[in-house]
Amino acid sequence: MQYQWDFGFLLQYKGLIGVGVLYTLAFTIGTAVSGLVVGCMIALARLSNMRVATAVVTGVIEIFRCTPVLVQLVWVYYALPILTGIELSPSVAAFITLTLYGASFFGEIIRGGIISVDMGQWDAGRALGMRRHQLMGDVILPQAFRRMVPPLVNQTVLQLKNTSLLSVLAVPDLLYQGQLITSASYRPLETYTMIAVIYFIILFPLTRFAHRLEARMSH
């Protein structure tokens, strides 16, 4: 028997879908910005001469880079409160996890961009009597930023994709709302097709933008 597709019923769930899209975009933007800030601190710590700080930061980075995001979400939500005695809501646990996960990659991107600048630039700045913070802000970062932009955009795209895992903590993102709609309508094919289309509509312009930036920066 041939399946009869019907997307019309989704109109009655447009409120749920809208909330899901807003949560997905809010978590993407929020964790990307906070991850970028924490990533900057991580990069500077790794570039410092403080060995203990560098070792600790490196260890934290490797933990987040070498474990699945889903495992991190579950651990932060269920295990961290037991260790700290502080209860976390699903949204807070998700925000912390995605921020630290993103920061571990943003930090490496920033660090890689900084160390990619020729050492002669450092020597020239020091010869002019510039202090380290002046040298970093006026000479190194402007050059490094051009090289960082494409991978930073790509990592932001990955942040958006990772928001689909928030449903495991019952955060009302797009996928979680899709699960609610499926439970109520018993029509998973139309529901998850709609979710895939929405993700594509959001992600495709971002990926094209990243490719254009990469091509422009390569020139």
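The values are calculated or read from the model by the stated rules, or taken from the named source; none is laboratory data. Predicted model only: the values in this text are computed from it and were never measured. Please note: Cβ atoms are built from the backbone with ideal geometry, for glycine as well, and neighbour counts cover all protein chains shown. The area values use the complete protein model at the heavy-atom level, side chains included, leaving out ligands, DNA and RNA. Shrake-Rupley method; radii C 1.70, N 1.55, O 1.52, S 1.80 Å.
Would you say Ala103 is open to solvent by less than 10 Å² (accessible area, probe 1.4 Å), touching a residue at least 60 places away in the same chain (Cβ under 8 Å) and within 23 Å of Val57 (Cβ to Cβ)?
yes
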Between a first residue in segment 193-214 that is more than 17 Å from Gln159 (Cβ to Cβ) and a second residue that is open to solvent by 50 Å² or more (accessible area, probe 1.4 Å) and among the hydrophobic types (A, V, I, L, M, F, W, C), which pairs have beta carbons less than 7 Å apart while being 6 or more apart in sequence or on different chains?
Met194/Phe7
Note on Ile109: of the conditions (1) surrounded by fewer than 16 Cβ atoms within 10 Å (Cβ to Cβ); (2) under 18 Å from Val57 (Cα atoms); (3) of a type outside the set (Gly, Ala, Ser), unmet is (1)
Would you call Ala79 out of contact with any strand residue (DSSP E or B) (no Cβ under 8 Å at 6 or more places or on another chain) and at pLDDT below 90?
no
Count - residues of segment 49-72 that are within 15 Å of Ile96 (Cβ to Cβ), part of a helix (DSSP H, G or I) and not hydrophobic (A, V, I, L, M, F, W, C):
1
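Would you call Pro81 surrounded by fewer than 16 Cβ atoms within 10 Å (Cβ to Cβ), farther than 30 Å from Pro205 by Cβ and of a type outside the set (A, V, I, L, M)?
yes
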Inter-residue pairs, beta-carbon under 7 Å, first free of Cβ contacts under 8 Å to residues at least 12 places away in the same chain and in segment 58-87, second assigned to a helix (DSSP H, G or I), 6+ apart:
Glu87/Pro81
Kindly indicate whether Arg65 is over 23 Å from Thr163 (Cβ atoms) and at pLDDT below 95.
no
When residues of segment 186-219 are limited to those that are part of a helix (DSSP H, G or I), over 18 Å from the mean Cα position of the chain (by Cα) and charged (D, E, K, R), the one surrounded by the most Cβ atoms within 10 Å (Cβ to Cβ)
Glu190
Cβ pairs under 7 Å, 6+ apart, first in segment 114-139 and farther than 15 Å from Leu44 by Cβ, second charged (D, E, K, R):
Ser116/Arg147
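Modelled with pLDDT under 95, in a helix (DSSP H, G or I) and of a type in the set (S, T, N, Q): does that describe Gln179? Working first, answer last.
Numbers: modelled with pLDDT under 95: no; in a helix (DSSP H, G or I): yes; of a type in the set (S, T, N, Q): yes.
In short, no.
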